[in-house]
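Below is one structure; the comments refer to it alone.
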There are 6 protein chains.
Amino acid sequence: MTDKKTALVISAHAADFVWRCGGAIALHQEKGYEVTVACLSYGERGESAKLWKQEGMTLERVKEARREEASNAATALGVNDIRFLDLGDYPLRLDRDAQEQMVDIIREVQPKWMMSHSKWDPYNTDHMNTTQFALECRMIAQAWGHNPGQKVLGAPQLYLFEPHQTEQMEWKPNVFLDITPVWDKKRAAIECMQGQEHLWDFYTNVAENRGNHFRRNSGGQAGGRNCRYAEGFQMIFPQTVDELA
Amino acid sequence: MTDKKTALVISAHAADFVWRCGGAIALHQEKGYEVTVACLSYGERGESAKLWKQEGMTLERVKEARREEASNAATALGVNDIRFLDLGDYPLRLDRDAQEQMVDIIREVQPKWMMSHSKWDPYNTDHMNTTQFALECRMIAQAWGHNPGQKVLGAPQLYLFEPHQTEQMEWKPNVFLDITPVWDKKRAAIECMQGQEHLWDFYTNVAENRGNHFRRNSGGQAGGRNCRYAEGFQMIFPQTVDELA
Amino acid sequence: MTDKKTALVISAHAADFVWRCGGAIALHQEKGYEVTVACLSYGERGESAKLWKQEGMTLERVKEARREEASNAATALGVNDIRFLDLGDYPLRLDRDAQEQMVDIIREVQPKWMMSHSKWDPYNTDHMNTTQFALECRMIAQAWGHNPGQKVLGAPQLYLFEPHQTEQMEWKPNVFLDITPVWDKKRAAIECMQGQEHLWDFYTNVAENRGNHFRRNSGGQAGGRNCRYAEGFQMIFPQTVDELA
Amino acid sequence: MTDKKTALVISAHAADFVWRCGGAIALHQEKGYEVTVACLSYGERGESAKLWKQEGMTLERVKEARREEASNAATALGVNDIRFLDLGDYPLRLDRDAQEQMVDIIREVQPKWMMSHSKWDPYNTDHMNTTQFALECRMIAQAWGHNPGQKVLGAPQLYLFEPHQTEQMEWKPNVFLDITPVWDKKRAAIECMQGQEHLWDFYTNVAENRGNHFRRNSGGQAGGRNCRYAEGFQMIFPQTVDELA
Amino acid sequence: MTDKKTALVISAHAADFVWRCGGAIALHQEKGYEVTVACLSYGERGESAKLWKQEGMTLERVKEARREEASNAATALGVNDIRFLDLGDYPLRLDRDAQEQMVDIIREVQPKWMMSHSKWDPYNTDHMNTTQFALECRMIAQAWGHNPGQKVLGAPQLYLFEPHQTEQMEWKPNVFLDITPVWDKKRAAIECMQGQEHLWDFYTNVAENRGNHFRRNSGGQAGGRNCRYAEGFQMIFPQTVDELA
Amino acid sequence: MTDKKTALVISAHAADFVWRCGGAIALHQEKGYEVTVACLSYGERGESAKLWKQEGMTLERVKEARREEASNAATALGVNDIRFLDLGDYPLRLDRDAQEQMVDIIREVQPKWMMSHSKWDPYNTDHMNTTQFALECRMIAQAWGHNPGQKVLGAPQLYLFEPHQTEQMEWKPNVFLDITPVWDKKRAAIECMQGQEHLWDFYTNVAENRGNHFRRNSGGQAGGRNCRYAEGFQMIFPQTVDELA
């Protein structure tokens, strides 16, 4: 364990953390957090179409390629630690063993906040199952009778990062984070994802437009912050504060 | 205008601000905010049953009594400024004149945040109409072409304070505020409401139980803050931040 | 006022009470209730297509014809009292005068329960505006300071009766009422609506299928009641009971 | 089987039935119901923090202690029968065996009504999984082809009892039960839960405030019942009635 | 594979496809589609009460009888292909094997559209679990790394057909299909279900009333189509079009 | 009236139709529709900040400037007809006169489809009030008794176009329209809005990303259409079809 503040991102497939919260990761690393990314799978079967179109491709080679891309992206973001749980994808194998592994990681990291997918995703059940899994593991990590003697988890916020088609996923951001200072890192990480080049500009557009939303919600033309790139998140749990913002 | 941070509470009836956000008011006054309370009515017809049960009661006498109670409560909370718009109640008269008055107040106060009722209230349409009115006035106050030359409003958060039967009002708090340091002031303000003694303990119970929710959400038995009294609020607009809490 | 139990149905247009709660009316009349029906309009402009297709039709003649149909239907149902407020339709004129009239009726009737339309109806804004109006008037009738000296209203349930396309109106019944004993009366009332013959079988089908829902929810093939016709209603307010059903 | 009316409470952890529906249990026992409580687990890992903080604690000792507390509470409430399924907690093991056990209990009890947790609970997935489990088992118990020859289940209501943070669980009560006559029993049962003393006053506050809600919804200052303590429940299924309340 | 357009209906129990989308099946077959129906179970335990009431009935005999009824109904509708997966019912066994089987069928059929149950069904968890299963299998069938070399699935719409109590299932149709031309076939198929005669008229009523909804939504008395029988469906995914309808 | 197919866009402020549905307008004009745009206001007070920052600006000059911009944009899109109702903005004056005007336009145009804002918009109550107004006017235009003798309106779909912050407005597109063929026209129209240059790239990003959503929903990498720009819409009413798409 560390004295630093920590955070934990749970990503269903290898690339999700890049598009959806690369900015938050880079920014908090710069602020001194240690961010751990747990990739439940490499997205080897379901999110590697470009690789599979190559002659003679095998599952192992896809996984290697995806692992390398994700590792490079993590490096670009300054991620403290990236873990690959290799649980398979489409669908993920989220059984009791996987649960044990994830609870161990949560207890080891003791995150100030956690991050995962939207609650609903009819396009990609791996995504919503991951969120359910994250809530389940958070609960177990809070249990005093689970591996007694270990440090018990507090009550970290669970942020849901932005899914691909927000409205279809019934996802509603209630916080926007200014990622302008680390945009170059996020774009660099995005460009590590060689297999999904069709999404580079998509997520750049998203970041620019979320920047507009940040400006609007911080005051617009009457005092809004000059944010150029932002990310949106949905908090699952209520906040506890000493002053209203 | 002032250099201090300011806040504006829009209360449908004279007593609403006491039960629902008296703690937030007192706390922010202590932190150096100047809080303005705008009471749209005295609750003279609909929330003064005890007075009306007295022989020979008149509307004017009810209004006077309610005004005095509300003023005393405001004093107990340290409110900077309380305004009575006297728009009638059950139902409120929320016409263009009322709108003009409220927009003037908003522009004058330039609140860092605003506060009002829940979006839905089948028991009390004054409450939900007030929230609609608050949103409408907020929008007008942001218009550069409304009274050109005046300082235009930015984008203050609108907090919805706790209604009487939260679940029936489809109200969901996404922030809890620790009001332990000012609880004595809130209880004193509550006791100013002589006509509604049946609610004193009700809202004390609410404050205690929201304190429990604060403790849970700040870490529970594994590091939660020892908050004894809290208030809950629902934010309408997304937050804009530089770091995730 | 009366010693009998009473009920009040608020119907936007002349025929609504027939299709949507004719069974409930007839049944409760048989049980000794005095049911008052308040028709806010005759549906003269918007729900009288057949009449308007006749040569030389006038608004007054349509209103007369509709009034007669509705009165006949009320008689068929055994309605105690039917009132026509003649507020115009498409759209209804729901101003302060209309409010005063309706509050007077509510206070006079002192209903054990009230009934009106669904909360949302994008096809027919008169319907949803009537529900809003009903809630507003219920609130005023509860105000001790409204016409002091009159008997103040308690807290009658507001039942929402079945709209034409239930799913589009976001209406969800939480109670089914067995109207088998009075089905003949309802069908007779339905047949009074000469101008809307295309709906006779529609609402007979509805009653039969709600009968099936009644059977299912009372036990189905393992003990369900042999209900043949039913009506569904959505309660707005929670019930208060001494025993769980 | 019995000639008496029966009810079945399905409680994820040993203490849930006490806080959430102890009043309903005691009240219906007094009315002659036989209430069975099925505790799926002892809450031994996740809801026994106080015990785990003791030196040298073991899982078996925690389970014993929790079982004794729950049994004492059940006695205080006059529960007819309490069953401990010992399925483990955080997370519950809700497999086919558990299903078979629960279906057997349901068929044996033939409850007039069932009771369980809220549909959604991001803090505690055991709770929402229990509700899903209850619905699944209710469905199986209704199947004529499951253990043919046994008495098939009818269509008992499923009441959802009050969760810890109602708004976060998207729980909305649609019935309030007056538990004033049995409040002393509920408080006594609450005090059996030695390990969770921090919740005694919390749930006393809840009962008092639900009493206020009962008074409001039964007429308020114009005829409301003088209920002092109440519990709220959300019905999943529509009711079937012969008269509107 | 075929050059024809294809469709795939996933039915939890043997009879579901008849009541809920028999018209859509017959109509599209007439239009030259090849429609495949996949029955996950025979509904042998949970939807065969009439058979189980016969002396000496066995599971195998119920399955045979149900299979025959369903096959006859499929013939009446002109179904191209009906598959019985025999996964058991109340509850369905929706494990990895079942998933593999269903993904194979989806890939083989390459449906232009798919069809299944509502997302929520508290009465019948088999129904909602089937929808979840359909989404999961659709996702896997889209994965380039699943059985590489096979033709990958595109993005077929998933239509949710009408459940038994629409409002309780939170099902909202956003498209109505005119089935007047094939009504006789649907009624004939319905009459194949000898064990559920109590539902014949129920679903005839549904078809007639949905016909009314079709007329209303296509123009009503001012130009609406003279549709006599219709079925309603809820689309899960957005449509992609070149012209607005 | 015309033999051509027609459409009607109801835009709260002068520029809304450009950002939100400029592509749909241009595309349908190219397909031979006659599209009428009704601008309820010029957005003169609330959406003309840049103009108001100029020295000595007056309301009339702002209106003129905004009218000219909107007219130019309409020309760029090939709009058949643009009407300015000049009802004031922030807030709109949506009284009975305005209603009469709008109903006249609807009856004159006899639109095959209508288009307006999202149902909810806490930032801009003009937007949601416009949608309510559109529904109300649609209903009146359908009334046979409103100006008898005029051609009565059928049941045109009401499309809700994309608001500025979709998730906050609870807007969910259920149809995507490929506007690639007319993108140049839309961009040209956008560039007519000199006062809101900060939004040009924002809405270009939106169009590109909606193009991605179109591709995904039409088949993605396995057969999706190569759409580059799209617009999303939410249908309020169910569709009526003869074949499922």
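The values are calculated or read from the model by the stated rules, or taken from the named source; none is laboratory data. The shown structure was predicted, so the numbers you read here are calculated from the model rather than taken from an experiment. So basically every Cβ, Gly included, is an ideal-geometry build from the backbone, and we count neighbours across all protein chains shown.
Which of the residues spanning segment C:5-63 are among the aromatic types (Phe, Trp, Tyr) and closer than 20 Å to E:Ala222 by Cβ? Even if it seems obvious, please write down each step before you answer.
Of segment C:5-63, the ones among the aromatic types (Phe, Trp, Tyr) are C:17, C:19, C:33, C:42, C:52.
Listed by number, the list holds a single entry, C:Trp52.
To keep it simple, each residue is scored yes or no on (1) within 14 Å of chain E (Cβ to nearest Cβ); (2) touching a Ser or Thr at 6+ places or on another chain (Cβ under 6 Å).
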position: D:Val175; (1), (2): no, no
position: D:Glu191; (1), (2): no, no
position: D:Gln196; (1), (2): no, no
position: D:Thr204; (1), (2): no, no
position: D:Tyr229; (1), (2): no, yes
position: D:Phe233; (1), (2): no, no
position: D:Thr240; (1), (2): yes, yes
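Scanning segment D:202-214 for residues being surrounded by 22 or more Cβ atoms within 10 Å (Cβ to Cβ) and charged (D, E, K, R) gives a total of 1. Considering segment C:190-234, the residues that are among the polar types (S, T, N, Q) and outside any helix (DSSP H, G or I) include one that is farthest from C:Arg20 (Cα to Cα), namely C:Gln221.
Inside segment B:149-166, residues that are touching a strand residue (DSSP E or B) at 6+ places or on another chain (Cβ under 7 Å), of a type in the set (D, E, K, R) and within 9 Å of another protein chain (Cβ to nearest Cβ) make up a count of 0.
Hey, does segment D:159-171 have a residue that's under 24 Å from C:Arg215 (Cα atoms) and at pLDDT 95 or above? Yes, there is a match, as at least one residue in segment D:159-171 is under 24 Å from C:Arg215 (Cα atoms) and at pLDDT 95 or above.
Scan segment D:147-157 residue by residue and report those that are modelled with pLDDT of 95 or more and surrounded by fewer than 22 Cβ atoms within 10 Å (Cβ to Cβ).
Step one: filter segment D:147-157 for residues modelled with pLDDT of 95 or more, giving D:147-148, D:150-157.
D:Asn147, D:Pro148, D:Gln150, D:Lys151, D:Gly154, D:Ala155, D:Gln157 - these are the residues of segment D:147-157 that are modelled with pLDDT of 95 or more and surrounded by fewer than 22 Cβ atoms within 10 Å (Cβ to Cβ).
Filtering segment E:21-34 to residues that are in contact with a Ser or Thr (Cβ under 7 Å, 6 or more places away or on another chain) and within 12 Å of chain F (Cβ to nearest Cβ) leaves only E:Tyr33. Restrict the check to segment C:91-112 and report whether at least one residue is in a loop (DSSP other than H, G, I, E, B) and free of Cβ contacts under 8 Å to residues at least 24 places away in the same chain. Yes, because at least one residue in segment C:91-112 is in a loop (DSSP other than H, G, I, E, B) and free of Cβ contacts under 8 Å to residues at least 24 places away in the same chain. The helices (runs of 4 or more DSSP H) located wholly in segment A:1-89 that include 3 or more residues which are modelled with pLDDT of 95 or more and surrounded by fewer than 17 Cβ atoms within 10 Å (Cβ to Cβ) occupy A:59-77. Within segment B:180-195, residues that are under 13 Å from B:Thr75 (Cα atoms) sit with their Cβ atoms under 7 Å from residues that are of a type in the set (D, E, K, R) and crowded, with 17+ Cβ neighbours inside 10 Å, at 6+ positions apart or across chains, in these pairs: B:Cys192/B:Glu69; B:Met193/B:Glu69.
All conditions but one from (1) within 7 Å of another protein chain (Cβ to nearest Cβ); (2) closer than 16 Å to C:Cys21 by Cβ; (3) among the basic types (Lys, Arg) apply to C:Arg187; the one that does not is (1).
Only one residue in D:Met139, D:Met169 is hydrophobic (A, V, I, L, M, F, W, C), more than 12 Å from chain E (Cβ to nearest Cβ) and either crowded, with 22+ Cβ neighbours inside 10 Å or out of contact with any Gly (no Cβ under 7 Å at 6 or more places or on another chain) (or both). Which one? Result of the check over D:Met139, D:Met169: D:Met169. Identify the single condition in (1) within 14 Å of chain B (Cβ to nearest Cβ); (2) assigned to a loop (DSSP other than H, G, I, E, B); (3) within 18 Å of the chain's Cα centre (by Cα) that C:His146 does not satisfy, given that it satisfies every other one. In the conditions (1) within 14 Å of chain B (Cβ to nearest Cβ); (2) assigned to a loop (DSSP other than H, G, I, E, B); (3) within 18 Å of the chain's Cα centre (by Cα), C:His146 misses (3) alone.
Apart from one condition, F:Gln29 fits all of (1) more than 25 Å from F:Ala98 (Cα to Cα); (2) in contact with a Gly (Cβ under 9 Å, 6 or more places away or on another chain); (3) touching a residue at least 60 places away in the same chain (Cβ under 8 Å); the exception is (3). For C:Lys119, which of the numbered conditions (1) away from chain B (no Cβ under 11 Å); (2) in a loop (DSSP other than H, G, I, E, B) fails to hold? C:Lys119 satisfies every listed condition except (1). Condition check: closer than 20 Å to C:Pro163 by Cβ and touching a residue at least 60 places away in the same chain (Cβ under 8 Å). Does C:Ala207 satisfy that? Criteria met by C:Ala207.
Of all residues in segment C:113-129, those that are of a type in the set (A, V, I, L, M) have Cβ atoms under 9 Å from Cβ atoms of residues that are in a helix (DSSP H, G or I) and surrounded by fewer than 24 Cβ atoms within 10 Å (Cβ to Cβ), 6 or more apart or on another chain, in C:Met114/C:Ile106.
Every condition in (1) touching a residue at least 40 places away in the same chain (Cβ under 8 Å); (2) of a type in the set (Lys, Arg); (3) over 30 Å from F:Leu94 (Cβ atoms) holds for C:Arg66 except the one numbered (3). All conditions but one from (1) within 13 Å of chain F (Cβ to nearest Cβ); (2) closer than 30 Å to F:Ala134 by Cβ apply to C:Asp86; the one that does not is (1). Listed by first and then second residue, the pairs with beta-carbon distance under 6 Å, at least 6 apart or on different chains, first residue in segment D:222-238 and surrounded by fewer than 21 Cβ atoms within 10 Å (Cβ to Cβ), second of a type in the set (A, V, I, L, M, F, W, C) and outside any strand (DSSP E or B), are D:Ala222/C:Val152. B:Ile82 meets each of the listed conditions (1) in contact (Cβ under 8 Å) with a residue 40 or more places away in the chain; (2) among the β-branched types (Val, Ile, Thr); (3) over 16 Å from B:His13 (Cβ atoms) apart from (3).
Being charged (D, E, K, R) and over 30 Å from B:Val9 (Cβ atoms) is the filter here; which residues of segment A:199-245 pass it? Spell out how you get there, then give the answer.
At the first step, the residues of segment A:199-245 found to be charged (D, E, K, R) are A:201, A:208, A:210, A:215-216, A:225, A:228, A:231, A:242-243.
Within segment A:199-245, A:Asp201, A:Glu208, A:Arg210, A:Arg228, A:Glu231 qualify.
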